[in-house]
Amino acid sequence: MMTRSLAALALVVLASAPPVVAGDVVGTVRLGGPAPSIDLVSATTDLAVCGSAPRPAIPLRLGSGSGLADAVVSIAHERLDGWRVPSATFVMDQRGCEFVPRLLVIPPGATLEVRNSDRLLHNFHTRSELNPRMNLAQRAGGAPLHVSFERPEFVQVTCDVHGTGFMRAWIVVAAHPWYAVTDANGRFRLPGVPQGPHTLAAWHERLGRRTVPVTVGAEGEVTLDVLFPGAEERR
């Protein structure tokens, strides 16, 4: 089973393509002020596995220097025709009544293996707009589901068995190789971005979308910060 990151897969694809002049885009996504309030939700059933304590409906994790974790950073570019990695398999588990990982970036056509490590029934419900929707039951101890998505989009996934908003995840079907998810301190790297002017987009489940211009040179790195406004500025 292939477990390489999307960035590594991008390098494999780019290495097999005609040579292009490209550089790396690196930086940090930050929150520029006080964090917004977070709503809490609780499980409605199976508390022995899911727990009775409420959890954030949409987590917001901040690291050093107000770096924002779990933001999707990409080059705002139309779909790169012919880019797909059909041999890759990605995994999303259901563990402790949480999707793990909560945020996953995959190429079009890749296989997603959905597991259920809990001792109870879940359902894998995709709220897609451009891909066919799925609502698949997955019993305790059942075989993994194998699904795929052909069209790029951000797909919200829920398990409705345990309460609206309690189990939620996002599958980002990438339009091209230049996508990354920020680490615990908000840092990211997009390798091999073609030379020229681009728009860099950052998306966060709670905070929305921000864009900044970036120009990639013939070699080396371009470093930039993406700043989301704090709660006071968002009013």
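Identify the single condition in (1) more than 24 Å from CYS50 (Cα to Cα); (2) of a type in the set (Asp, Glu); (3) touching a strand residue (DSSP E or B) at 6+ places or on another chain (Cβ under 6 Å) that ASP81 does not satisfy, given that it satisfies every other one.
Here ASP81 clears every test but (3).
Condition check: modelled with pLDDT under 95, among the aliphatic types (A, V, I, L, M), more than 29 Å from VAL214 (Cα to Cα) and not in a strand (DSSP E or B). Does VAL161 satisfy that?
Values: modelled with pLDDT under 95: yes; among the aliphatic types (A, V, I, L, M): yes; more than 29 Å from VAL214 (Cα to Cα): yes; not in a strand (DSSP E or B): yes.
Yes; evaluated as a whole, the condition is true for this residue.
Could you tell me which residue of segment 102-116 is nearest to the chain's Cα centre (by Cα), considering only residues that are farther than 13 Å from MET167 by Cβ and in a loop (DSSP other than H, G, I, E, B)?
Quick first cut of segment 102-116, residues farther than 13 Å from MET167 by Cβ only: 103-113, 115.
If we keep only those that are in a loop (DSSP other than H, G, I, E, B) as well, we get 107-110, 115.
Numbers: PRO107: 11, PRO108: 14, GLY109: 16, ALA110: 15, ARG115: 18 Å.
Top of the filtered list is PRO107.
Yes or no: ALA143 free of Cβ contacts under 8 Å to residues at least 12 places away in the same chain and loosely packed, with under 14 Cβ neighbours inside 10 Å? Quick ask: steps written out before the conclusion?
Values: free of Cβ contacts under 8 Å to residues at least 12 places away in the same chain: yes; loosely packed, with under 14 Cβ neighbours inside 10 Å: yes.
Criteria met by ALA143.
So which residues in segment 146-164 are touching a Lys or Arg at 6+ places or on another chain (Cβ under 8 Å) and either basic (Lys, Arg) or surrounded by fewer than 17 Cβ atoms within 10 Å (Cβ to Cβ) (or both)?
Result: GLN156, single match.
Step by step: first the residues of segment 165-177, then only those that are buried (at least 18 other Cβ atoms within 10 Å of the Cβ) and either within 23 Å of LEU31 (Cβ to Cβ) or among the small types (Gly, Ala, Ser) (or both), then the one that is modelled with the lowest pLDDT. Which residue is that?
Of segment 165-177, the ones buried (at least 18 other Cβ atoms within 10 Å of the Cβ) are 166-177.
Those left that are additionally either within 23 Å of LEU31 (Cβ to Cβ) or among the small types (Gly, Ala, Ser) (or both): 168-170, 172, 174-175.
Numbers: ARG168: 94, ALA169: 96, TRP170: 97, VAL172: 97, ALA174: 94, ALA175: 90.
Filtering first and then ranking leaves ALA175.
Which condition breaks for ALA180 when tested against (1) assigned to a strand (DSSP E or B); (2) free of Cβ contacts under 8 Å to residues at least 60 places away in the same chain; (3) buried (at least 20 other Cβ atoms within 10 Å of the Cβ)?
Of the numbered conditions (1) assigned to a strand (DSSP E or B); (2) free of Cβ contacts under 8 Å to residues at least 60 places away in the same chain; (3) buried (at least 20 other Cβ atoms within 10 Å of the Cβ), the odd one out for ALA180 is (2).
The values are calculated or read from the model by the stated rules, or taken from the named source; none is laboratory data. For clarity, every value in this text was computed on a predicted model and none was experimentally measured. Virtual Cβ from ideal backbone geometry, glycine too; neighbours counted across all protein chains shown.
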